[in-house]
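Worksheet: the structure to be examined is printed underneath.
Readers should treat all values here as calculations from the given coordinates under stated rules, not as data from a laboratory. Quantities reported herein were computed from a predicted structural model and do not represent experimental measurements. Positions of Cβ are generated from backbone atoms using ideal geometry, with glycine treated the same way; all protein chains shown enter the neighbour counts.
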């Protein structure tokens, strides 16, 4: 910007010292163009400062949102937590005890029958245990089905509620 000011000063000196009006008029036109360039430069500088301020505010917002996302991802809810100890229905607890007590696992249908539950109700309780990650398939044996075992969170639940 200093070079533009020097140029304006030089043009001003020339226009005042020249006696030829035509040449002085052209120099005034140049001086007007330089003034216009200076105005545009000042506007660009102001816009640049405004954009930098907006950019800094957006970065702060992004950081705050990323922190919030991180916090929300790390929060455990009853639906997503492996260690959610929300109380299970009694039948589901009985099923979990059976799965945890069997050394190599037990077939879910035999547990459902042993507890005298309908197939639909037994499957509901099994799904509930599986959703909470309290049980998993231990092994599959042809013509017999899947052997279900209690997981660490499932056993932890049983200990927490003093069921085993």
*Provide, for q = 0.11, 0.14, 0.17, 0.20 Å⁻¹, the log10 of I(q)/I(0) from a solvent-free Debye sum over equal Cα point scatterers in segment 90-160.*
-0.22, -0.35, -0.52, -0.73
*Give me the Debye-computed log₁₀ of I(q)/I(0) at q = 0.27 Å⁻¹ for segment 2-74, equal point scatterers on Cα only, no solvent, two decimals.*
-1.09
*asked:* Report the Cα centroid-to-centroid distance between segment 55-77 and segment 91-113 in angstrom, as an integer.
replied: 43 Å
*Once every DSSP H run of n ≥ 4 in the chain is given -39500 (n - 2.57) and the sum is divided by its residues, what mean residue ellipticity at 222 nm do you get, rounded to the nearest 500 deg cm²/dmol?*
-23000 deg cm²/dmol
_Connecting C-alpha atoms closer than 10 Å in a GNM of the chain, tell me which of 145, 116, 32 has the biggest fluctuation._
32
*Degrees between helix 90-101 axis and first principal axis of the chain (Cα, 0 to 90, nearest 10)*: 80 degrees
*Pick from 49, 65, 88: which residue has the top mean-square fluctuation in a GNM of the chain where Cα pairs under 10 Å get a spring?*
49
*Take every Cα pair under 8 Å in the chain that's 6+ residues apart, average their separations, divide by the length, and report that relative contact order as a whole percent.*
17 percent
*Set the Förster distance to 30 Å, then compute FRET efficiency between residue 164 and residue 72 from the Cβ-Cβ distance, nearest 0.05.*
0.30
*Would you mind computing the Rg to Rh ratio of the chain from its alpha-carbon coordinates, Kirkwood style for Rh?*
1.75
*Any idea what angle helix 2-17 forms with the longest principal axis of the chain, computed on alpha-carbon atoms, 0 to 90 degrees, nearest 10?*
20 degrees
